[in-house]
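The structure follows.
The values are calculated or read from the model by the stated rules, or taken from the named source; none is laboratory data. Predicted model only: the values in this text are computed from it and were never measured. We place every Cβ from the backbone using ideal geometry, glycine too, and count neighbours over all the protein chains shown. For accessibility, only protein heavy atoms count, side chains too; no ligands or nucleic acids. Shrake-Rupley method; radii C 1.70, N 1.55, O 1.52, S 1.80 Å.
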Amino acid sequence: GRFGEYGGRYVPESLIGACRQVEEAFRSAWADPAFRNQLAGLLATHVGRPTPLTPAVRLSAELGVTLLLKREDLTHTGSHKINNVIGQALLATRMGHKRLIAETGAGQHGVATATAAAMFGLSATVFMGERDIERQALNVFRMRMLGAEVVPVRTGARTLKDATSEAMRHWVGATEDSYYCMGSVLGPMPYPWMVREFQRVIGDEARRQCATALPAAVPDYVVACVGGGSNAAGTFAGFVDTTAKLVGVEAEGGAGATRGTLGVLHGVRSMFLQDDDGQVLEAHSIAAGLDYPGIGPEHVHLRDLGRARYVTVDDAEVVDAVVRLARTEGIVAALESAHAVAWVIRAAADGTLPAGSTVLLTLSGRGDKDISALKELL
Amino acid sequence: GRFGEYGGRYVPESLIGACRQVEEAFRSAWADPAFRNQLAGLLATHVGRPTPLTPAVRLSAELGVTLLLKREDLTHTGSHKINNVIGQALLATRMGHKRLIAETGAGQHGVATATAAAMFGLSATVFMGERDIERQALNVFRMRMLGAEVVPVRTGARTLKDATSEAMRHWVGATEDSYYCMGSVLGPMPYPWMVREFQRVIGDEARRQCATALPAAVPDYVVACVGGGSNAAGTFAGFVDTTAKLVGVEAEGGAGATRGTLGVLHGVRSMFLQDDDGQVLEAHSIAAGLDYPGIGPEHVHLRDLGRARYVTVDDAEVVDAVVRLARTEGIVAALESAHAVAWVIRAAADGTLPAGSTVLLTLSGRGDKDISALKELL
Amino acid sequence: MKLPSDHKILMPYLTGGAVADWTDHLRALVDAGADAIEIGLPFSDPTLDGATIQEATHAALTRGATLRGILTRVSEVAGTVPLVASTYANLVVRDRAFCSNLRDAGFDGLIVPDLPLEECAEFENQDLDLVLLASPATTDERLDEIARRSRGFVYAVTVMGTTGERETLAASAADLARRLTTRSDLPVLLGFGISTPAQAAQAAQLADGVVIGAAIMRRVLDGAAPAELGAYLRSIREAMDEG
Amino acid sequence: MKLPSDHKILMPYLTGGAVADWTDHLRALVDAGADAIEIGLPFSDPTLDGATIQEATHAALTRGATLRGILTRVSEVAGTVPLVASTYANLVVRDRAFCSNLRDAGFDGLIVPDLPLEECAEFENQDLDLVLLASPATTDERLDEIARRSRGFVYAVTVMGTTGERETLAASAADLARRLTTRSDLPVLLGFGISTPAQAAQAAQLADGVVIGAAIMRRVLDGAAPAELGAYLRSIREAMDEG
């Protein structure tokens, strides 16, 4: 249950049994070809997998590199979140649960969870900070339209971190009939591992697609944005055994790997933004999906091993990257995903990415949700 | 250049040459395997084709029919509009044009056109009624972010019909370097035919997918919503030579086929909503994409032949259908597409669709754009 | 229709029903030397018209102008000079009696800008002269056909654009006029963008006459009295006749 | 740590730094018959705490309470009864000197609700007693292990839920207490949801003692003076001692 010294299961005794059941169920399901086939079928028919690999022809020409985009923005509900949620909802059904519990920040994971719940005929209870509820009223409405219950969280800064705490509190009293559907490679074991496995479809597909699209079969660089880090974890999983250099791009104000220190939060030992007294800080990013003060434990492990590196970009670079990608490729990326684009643009300009490099970049989601925010900014 | 007595090329002499050039270029391109391959490649890498066929398992069980959804909502930019626009932009490039001209109502075709223009490095000028610009500020911003020029149209009711007129006026003076990118199976020849050909990928894919998904290989019914009718035309094209019954679902307030009379507008002879004096009326629908007073000429021809039938649903049924599909399948459909869903729900309930029928329904777009409107309504 | 062959033809345009006293304007135009009058029958979506005639059309429809009403008014004033209706294909296509109704009201000809060669066959050989249009982009081969099939006169559109006043007569006008006059036995009238006496005189040199549309309707919409409009047309007439 | 074996153990809880005079409250609790005191070291994300202790934690952090400050205050009052710190794993994991600092300040034990059996090994065998928790869902096999490895006492969580006052003592408490007391040589203290003298007396019958947390902090947050808090605890003490 560890990634090096990170990971673990730092949960109250009351949740130990539930976590173990999830782990056992997942191990059994993941080893069961019937489950894998059913999941693969759902990802094909309901999510739109495989997602395309799009050569960013015009931006590549401008940057002097070959940039390939793995298009998670084209999935149902518009981001990679759905891959994981469909997997977990299928697992919950297999376990006999009738309800999904989830936390959400901007609402993407909440919408994905509500979507999967509707598909499987489960009920869904989504915890969301009151401040996020105000800021993301449309996603709240969307969840409710999909039949989910959205519970406002009024503690702390009333954002994602508090919503996660409240969801875990709720789960303590509801383990009998409810399944906790974690949105990223965070939380107690088996979540960081399980969520990575459900997301590795991104990396596995991209690996196969690169083998066709690139003469060298494997890209020189594999780049993905990192909040908790699930799209990056899934992408990296497909390339960790290759020569590709792995780069995770964090938000300047939510850089768990780059600025965090050792800690435990929401059940997992990893790196977190915290003050000198060990109080966990609020993250601040233009991208709500990166607005979490920690990072998945496997990322810290990959960093310690030297297998992946983690970098940051600032909000201004991100906004520029959204516009540049839109103008050159006709793709309006999510602000989260644009972090990865921003780093590639900067790295190509300053020589960090040598001219002629081949780069696979996971475009984790679409920017529709960010249009109002961008309108204010531009 | 005709579908029975409908279609034609009712344009000013100044546009005859340009229309002929488009037709010749399209005939040549469509017969050229290199063009077809290039287009197919772009649809795969940039649009996300083939789109899945999703069995609507839970809704099917409730309705007593087998409902399969062709998921155009999962394409890049979120609706079938992109299929056509990529085709036309590729054609424009082949013709040596540097600019796309388009009309748009709610902004979906405008966004698709701006997207394709960015992909191909073309400039784009999008005409949009001033009233629609106010109502759809986010889509206007999106087009501008993609690099398109959005020109406000201040004539008439300042909506789609006026925007189309203004775009055609503009084209008269810009045929040398500009390509008119029509958004539906409307306009002068070759547009209704060409746009149908660019959209037939929906029907062709669905036909192949049904052959696998259905024991009978072909569905009993093929249903699609109809405004101008491009998603329906593309869908029907794949099934017109089968035994499937074709059903086009119009908006109560924009029912060109059901309520229209013979006329000519924007270059095409077809059916239009008009008063006793031959003045064309404004359409009124909850779904902006169906807010056009006419219908593509091929649809009128199919109706006259008895090969397709056209029906209407009202706004209330549409809203109910959006919610029902969301709750049972986790899919938030565009209000346009929900017209087709609404008819299936009604027809299954009143026996028009016999129990056990198999139904292919083209879900032409996603409902993200409609969430604000739905929030007001629900 | 019979158009004069002894002098340059001047055909002003009026939107039927744009203002209450539009037939007074019509009479004033005849009195000022018009050889024929083009009367626009308002259509909701005038796709080949620029801002001025769009506005006039909108004004007419807003005032409640109807085809029937306009025909009634026309029948009261018909008989002095040839009257040519102009409108869009929608009104023509939807009503089999359209042309005969116009003829009965006193019209002599019909201009339908969105009814090109390809689509006009079913409206030829009526009692009404179907006037065809040519544009600068029209090929020689098409010009031959247009010249052959047009009735009454040929309407030469001077610019690749919509109706409306322009600073100068388009350069494309001369080329089109030259190509067309050598092909047509019918009079060739130049239209679109002609508004000043100088432009009219220049255009009249190139062909058999001119059509003045937006410049007239601009004045009508601005409230010009019939006499004022007549004075304007007379200035055009004089410039053309002087050459 | 040394807990009395001649009577039922009463361990009230206080959030360190929640109010300015919290050590006065602490002394009042000792005076009122507390056998030990649990002192909460505030952590930003108290995931196993209900609304009251969350509020107390938030109040402490808002007032600027720090670990160092709390330890200083604790060292001033230590020595009368055993002191048990409770906090979350983050504070423990990040600082190698954490346990020794607590011991130096006068703490005898440590409760970390999110440091279960699987993760606690590295914090055992310190000078500080690491108290383990058991819950109603804990299997017998795990209870054996918890009983074996806990130090000082075993904290039996009465409910599947967070800290906080509840109307009645959870039915699950009796079963857990029974399963645990038969396995443990150490005292078993029941906690979570105990707030009234009657509940305390009932709970004390089932095990070796009780922990009172949210009921105390509710009063502290509502502004109860130390004497008032002492009176409340005395009512608990008396109910427990009467049995």
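Within the stretch D:41-66, can you find the residues that are of a type in the set (A, V, I, L, M), open to solvent by less than 20 Å² (accessible area, probe 1.4 Å) and facing chain A (nearest Cβ under 7 Å)?
D:Leu48
Further question: Out of A:Val140, A:Val65, report the one residue that is more than 23 Å from B:Leu59 (Cα to Cα), modelled with pLDDT of 95 or more and either under 14 Å from the mean Cα position of the chain (by Cα) or more than 11 Å from chain B (Cβ to nearest Cβ) (or both).
A:Val65
Now a separate question. Among B:Gly234, B:Gly228, which is crowded, with 24+ Cβ neighbours inside 10 Å and part of a loop (DSSP other than H, G, I, E, B)?
Testing whether each residue is crowded, with 24+ Cβ neighbours inside 10 Å and part of a loop (DSSP other than H, G, I, E, B) leaves just B:Gly228.
Another question, if that's okay. Every residue in the stretch A:122-137 that is part of a helix (DSSP H, G or I) and either without any contact (Cβ under 8 Å) to a residue 12 or more places away in the chain or over 21 Å from B:Lys375 (Cβ atoms) (or both), please.
A:Glu134, A:Ala137
Would you confirm whether or not the stretch A:77-92 contains a residue that is without any contact (Cβ under 8 Å) to a residue 24 or more places away in the chain and in contact with a helix residue (DSSP H, G or I) (Cβ under 7 Å, 6 or more places away or on another chain)?
no
Please state which one of A:Ala124, A:Ala167 is under 13 Å from A:Cys181 (Cβ atoms), more than 9 Å from chain B (Cβ to nearest Cβ) and in contact with a Phe, Trp or Tyr (Cβ under 6 Å, 6 or more places away or on another chain).
Selected residue: A:Ala167, the only one of A:Ala124, A:Ala167 that is under 13 Å from A:Cys181 (Cβ atoms), more than 9 Å from chain B (Cβ to nearest Cβ) and in contact with a Phe, Trp or Tyr (Cβ under 6 Å, 6 or more places away or on another chain).
What number goes with the only condition from (1) on the phi < 0 side of the Ramachandran plot; (2) buried (at least 24 other Cβ atoms within 10 Å of the Cβ) that A:Leu305 does not pass?
(2)
Now a separate question. Can you name the residue in the stretch D:217-243 that is open to solvent by 30 Å² or more (accessible area, probe 1.4 Å) and assigned to a loop (DSSP other than H, G, I, E, B) and, of all such residues, is farthest from D:Glu55 (Cα to Cα)?
Ranking the candidates gives D:Gly243 first.
Collect the residues in the stretch A:3-25 that are among the charged types (D, E, K, R), without any contact (Cβ under 8 Å) to a residue 40 or more places away in the chain and either within 11 Å of chain D (Cβ to nearest Cβ) or in a loop (DSSP other than H, G, I, E, B) (or both), keeping them in residue-number order.
A:Glu13, A:Arg20, listed by residue number.
If you don't mind, there's one more thing I want to ask. So which residues in the stretch A:26-44 are assigned to a helix (DSSP H, G or I), more than 9 Å from every other protein chain (Cβ to nearest Cβ) and either open to solvent by 20 Å² or more (accessible area, probe 1.4 Å) or under 14 Å from A:Thr175 (Cα atoms) (or both), if there are any at all?
Those that are assigned to a helix (DSSP H, G or I), more than 9 Å from every other protein chain (Cβ to nearest Cβ) and either open to solvent by 20 Å² or more (accessible area, probe 1.4 Å) or under 14 Å from A:Thr175 (Cα atoms) (or both): A:Arg27, A:Ser28, A:Trp30, A:Pro33, A:Ala34, A:Arg36, A:Asn37, A:Gln38, A:Ala40, A:Gly41, A:Leu42.
Identify all residues within the stretch A:139-172 that are assigned to a helix (DSSP H, G or I) and more than 22 Å from A:Ala283 (Cβ to Cβ); write none if there are none.
If the condition is that a residue be assigned to a helix (DSSP H, G or I) and more than 22 Å from A:Ala283 (Cβ to Cβ), then A:Phe141, A:Arg142, A:Met143, A:Arg144, A:Met145, A:His170, A:Trp171, A:Val172 are the ones that fit.
Name the single residue that is farthest from D:Leu48 (Cα to Cα) among those in the stretch A:145-162 being in contact with a strand residue (DSSP E or B) (Cβ under 6 Å, 6 or more places away or on another chain) and modelled with pLDDT of 95 or more.
Per the criteria, the residue is A:Ala148.
Here are the criteria: (1) open to solvent by less than 50 Å² (accessible area, probe 1.4 Å); (2) in contact with a helix residue (DSSP H, G or I) (Cβ under 9 Å, 6 or more places away or on another chain); (3) of a type in the set (Gly, Ala, Ser); (4) within 23 Å of B:Met168 (Cα to Cα). Tell me which single one C:Ser172 does not satisfy.
(2)
Let me ask something additional. I need the full set of residues from the stretch C:67-90 which are closer than 18 Å to C:Leu133 by Cα, in contact (Cβ under 8 Å) with a residue 40 or more places away in the chain and either within 14 Å of chain B (Cβ to nearest Cβ) or open to solvent by 30 Å² or more (accessible area, probe 1.4 Å) (or both), in order please.
The answer is C:Ala85, C:Ser86, C:Thr87, C:Tyr88, C:Asn90.
Also, quick follow-up: Can you work out which of the residues in the stretch C:151-169 that are within 14 Å of chain B (Cβ to nearest Cβ) and crowded, with 24+ Cβ neighbours inside 10 Å is nearest to the chain's Cα centre (by Cα)?
Selected residue: C:Tyr155.
Being crowded, with 20+ Cβ neighbours inside 10 Å and not β-branched (Val, Ile, Thr) is the filter here, so list the residues in the stretch D:202-216 that pass it.
Once the filter is applied, which keeps residues that are crowded, with 20+ Cβ neighbours inside 10 Å and not β-branched (Val, Ile, Thr), the stretch D:202-216 yields D:Gln202, D:Ala203, D:Ala204, D:Leu206, D:Ala207, D:Asp208, D:Gly209, D:Gly213, D:Ala214, D:Ala215.
Hey, does the stretch B:98-108 have a residue that's in a strand (DSSP E or B), within 14 Å of chain A (Cβ to nearest Cβ) and open to solvent by 10 Å² or more (accessible area, probe 1.4 Å)?
No, the stretch B:98-108 has no match at all.
Given the criteria more than 14 Å from chain A (Cβ to nearest Cβ) and closer than 21 Å to D:Glu124 by Cβ, does D:Asp35 qualify?
For D:Asp35, the condition - more than 14 Å from chain A (Cβ to nearest Cβ) and closer than 21 Å to D:Glu124 by Cβ - is not met.
Counting residues that are more than 24 Å from B:Gly203 (Cβ to Cβ) and within 14 Å of chain A (Cβ to nearest Cβ), which helices (runs of 4 or more DSSP H) fully inside the stretch B:246-355 reach at least 2?
B:315-329
For the stretch A:362-378, name all the residues that are free of Cβ contacts under 8 Å to residues at least 12 places away in the same chain and either within 8 Å of chain B (Cβ to nearest Cβ) or open to solvent by less than 50 Å² (accessible area, probe 1.4 Å) (or both).
Passing the criteria: A:Ser372, A:Lys375.
Are any residues in the stretch B:205-225 part of a loop (DSSP other than H, G, I, E, B), out of contact with any helix residue (DSSP H, G or I) (no Cβ under 8 Å at 6 or more places or on another chain) and either open to solvent by less than 10 Å² (accessible area, probe 1.4 Å) or not acidic (Asp, Glu) (or both), and if so, which ones?
Selection gives B:Leu214, B:Pro215, B:Ala216.
If you go through the stretch B:78-92, how many residues are within 27 Å of A:Thr51 (Cα to Cα) and in contact with a strand residue (DSSP E or B) (Cβ under 9 Å, 6 or more places away or on another chain)?
Number satisfying all stated conditions: 8.
Restricting to the stretch A:45-63, and then to whatever is touching a helix residue (DSSP H, G or I) at 6+ places or on another chain (Cβ under 6 Å) and part of a helix (DSSP H, G or I), can you tell me which residue is surrounded by the fewest Cβ atoms within 10 Å (Cβ to Cβ)?
Going through the qualifying residues, I end up with A:Arg58.
To keep it simple, each residue is scored yes or no on (1) surrounded by 24 or more Cβ atoms within 10 Å (Cβ to Cβ); (2) in contact (Cβ under 8 Å) with a residue 12 or more places away in the chain; (3) not hydrophobic (A, V, I, L, M, F, W, C).
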| position | (1), (2), (3) |
| --- | --- |
| A:Ala112 | yes, yes, no |
| A:Ala116 | yes, yes, no |
| A:Gly147 | no, yes, yes |
| A:Val151 | no, yes, no |
| A:Thr164 | yes, yes, yes |
| A:Thr175 | no, yes, yes |
| A:Tyr180 | yes, yes, yes |
| A:Gly183 | yes, yes, yes |
